[in-house]
1. For the stretch 190-208, how many residues meet the condition of being open to solvent by 10 Å² or more (accessible area, probe 1.4 Å) and over 24 Å from residue 74 (Cβ atoms)?
2. What about residue 211, is it modelled with pLDDT under 90, part of a helix (DSSP H, G or I), out of contact with any Phe, Trp or Tyr (no Cβ under 6 Å at 6 or more places or on another chain) and open to solvent by less than 20 Å² (accessible area, probe 1.4 Å)?
3. Out of curiosity, is residue 479 touching a helix residue (DSSP H, G or I) at 6+ places or on another chain (Cβ under 8 Å), at pLDDT below 80 and more than 30 Å from residue 400 (Cβ to Cβ)?
4. In the stretch 382-396, how many residues are modelled with pLDDT of 80 or more and either farther than 30 Å from residue 35 by Cα or surrounded by fewer than 17 Cβ atoms within 10 Å (Cβ to Cβ) (or both)?
5. What single numbered condition from (1) buried (at least 16 other Cβ atoms within 10 Å of the Cβ); (2) over 23 Å from residue 35 (Cβ atoms) fails to hold for residue 473?
6. Any chance the stretch 509-526 includes a residue that's of a type in the set (D, E, K, R) and at pLDDT 75 or above?
7. Please enumerate the residues belonging to the stretch 568-596 that are open to solvent by less than 30 Å² (accessible area, probe 1.4 Å) and of a type in the set (A, V, I, L, M).
8. May I ask you to list the residues in the stretch 107-133 that are free of Cβ contacts under 8 Å to residues at least 24 places away in the same chain, over 14 Å from residue 79 (Cβ atoms) and not aromatic (Phe, Trp, Tyr)?
Amino acid sequence: MTRMRTLLDTEAGAPDIRRQQYATVVLLTVSAATGLGWAFDLAAPALLAGLTAVFTLVGAGGQSLRADLRRLRWFAPALVLVMAGGPLPASLPWVAGLLVAAVVFGAGMLPALGQHYRVLGQTFAAATITSITTGLGANQPTHTLLGAAVLGSLFAVCLRITTGRSDPTRTTRAAVARTLTEWGPGIVEQAATAWRGGNSAVWLGRVLAGAARYRAAREILLAQARRDRTEAELLHRIVDEADTVAAELARAVRASACTGLPPLARLDPLRSVLGENSRQAVPAAARGIDEGLERIRAAVIERDGTTVPAVRDDHRQGWHVAVRAHLSPRSSLFRHALRCTLAVGAGMAIALAMDDPSVSTLLLSLYVVLQPAARDSMTGALERTGGVVLGVAALAVLVALLPGAFLLVPLAVTVMLLRVDWLRADYRTLLGALITVTVADQTLMLQRSPADVAIGFAANTAIGAAIALVVGYLGYLVLPGSLVPDVRGTLRATVRAVAWLLRSVRTTEHGSGAGLVSQSASIPALRRTQDLLGMPALLDGTGADSEDEHSTRLAAVALDSLRQDVATLALRPETERATAVPALHAASDVLAGHTVPEIPGMRGDSSPETESLASALLENALHARTAIDAIFGPDEPWKSYTLSLVRTQHLRIR
């Protein structure tokens, strides 16, 4: 109960009315649906409606109200059709198999387009597998299932509107505030995506620009501290003091209104550490910290509520680049998507041939063993296999023996609706919750002894896990790739590809457009960064040092974030790109292994988006440089000629 009260409170510890209303509506609706389902023998449609609501909120949530509603316009109807039409393909095995295979393959390829596309694809794949393999509502008329799915989807939409109407920019403010409290690559890019896609206020864009400048200056000071041991203590004290001020400003950004800043948020970190007359003793990058914090303070106090029209990405160009980069067996993302598709296809054939209700967990267990592994990785699959098999068997016995076990299904759906953010962040948790609901629902319908139920579910779950392991291992032998991860080679190729992309956009300073040039350079950069992102999972369990795994993950996220920044900058107007040329030069110098740069200046008429992109470029380059030094060593000579000797033919995609 203490944990539940904490979840329903605000950051300051006061009761959060919005969360309490959300929890109350969920509890009342699930209770009413459970009662109606029991009274009118509509348990399956009620469960179908509940799962549809969960999938809708997981897949199309997480951003501002306007952005979520824009995705719901097409995601909700597609989800309704697949949930209501799940039992129909059972009479046409080939149709069912092809549908599941196509959805799984598409979901495996969508991460190339970004985080939200990954969540959408994985959620839709989980919904397709659940509706088709569990036979949920197979004994009900089609119009009943369609009505239940529509009601579940409408309930989710109403929940999202109700919770977001009073404070539509809550999630956007939280995303922007995280740039002042969480350190590492990719944070600014997530906040910028949330701000650009939701008709957000001007003041949030200014906060984002100030936060990006603060983060870039902060990373420069930390890099100087690593190079100069004599000033390291002083620089770390400045950074620590500035982080304390930034944390207070983050609280003000998250607040729905601001009547004034607290005293701690108005402190000058340089004056606190050095006193009144010691500003000349610090590096010039420290001015970036002052400038960033001051811009944030001004934006928070003024709170210019003018909305900026949502910037919609060029989906055609994004799809074109992603297809050319990854529709090849040499892409690790393609190989993993193909392995998942082959495994699910084999499991689907077995499930349709067995025609047993206890086979409903076969594909879900298969997916939970194989899918969460990052692209090429099979690491941890055996541990997940044992955990899934034992968990399913224990749950089946518990449901068969426990009095009132029928309440477990609505209880699980309630928890899923209350913890949608948790399910969105961890795909394995979503699959585990679906397995729990499926086992409980099917066990209650089977008139068998607890031992038979446990053996049946455990055996079918083990079959699914075994298929995932076998297909995954055979994929290593058949598809191009290597069982031994080549971290250094992959990192070299990634840096070369990102460096070429940087150079292509820098051509704007000579008056030429960067759109067409950057598009051709984006293809190898996207392929290489996605390959590097899958490398940490390959290292896990190979005996590699945990520090090497951490450095590889840091380099992968930093280089991918740098690629996103440069690709986004290429779509900006030419005048805006020109203002970011100093930042492009600085990022190139950092990747080439040159000295730590100064934070570049920006014109006063620059847009907040371009300012945040320019600062994020430098921050991500510094993160990547830190990781590269940790992997290769600071004296590795290859970095010094990375940019000067890049040749286009070295980056050719086959």
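1. Residues flagged as open to solvent by 10 Å² or more (accessible area, probe 1.4 Å) and over 24 Å from residue 74 (Cβ atoms) within the stretch 190-208 amount to 4.
2. No: the conditions fail for residue 211.
3. Taking the combined requirement at face value, the residue satisfies it.
4. So the answer is 1.
5. (1)
6. Of the stretch 509-526, the ones of a type in the set (D, E, K, R) are 509.
From the residues that got through so far, the ones that are at pLDDT 75 or above too are none.
Checking the stretch 509-526: not a single residue is of a type in the set (D, E, K, R) and at pLDDT 75 or above.
7. 569, 570, 580, 581, 583, 584, 586, 587, 590, 591, 592
8. Hits for the stretch 107-133 are 110, 118.
The values are calculated or read from the model by the stated rules, or taken from the named source; none is laboratory data. Predicted model, so just to flag it, every value in this text is computed and none were measured. In this analysis, Cβ positions are derived from the backbone assuming ideal geometry, glycine residues included, and neighbour counts consider all displayed protein chains. These accessible areas exclude ligands, DNA and RNA; they are computed on the full protein's heavy atoms, side chains included. Shrake-Rupley method; radii C 1.70, N 1.55, O 1.52, S 1.80 Å.
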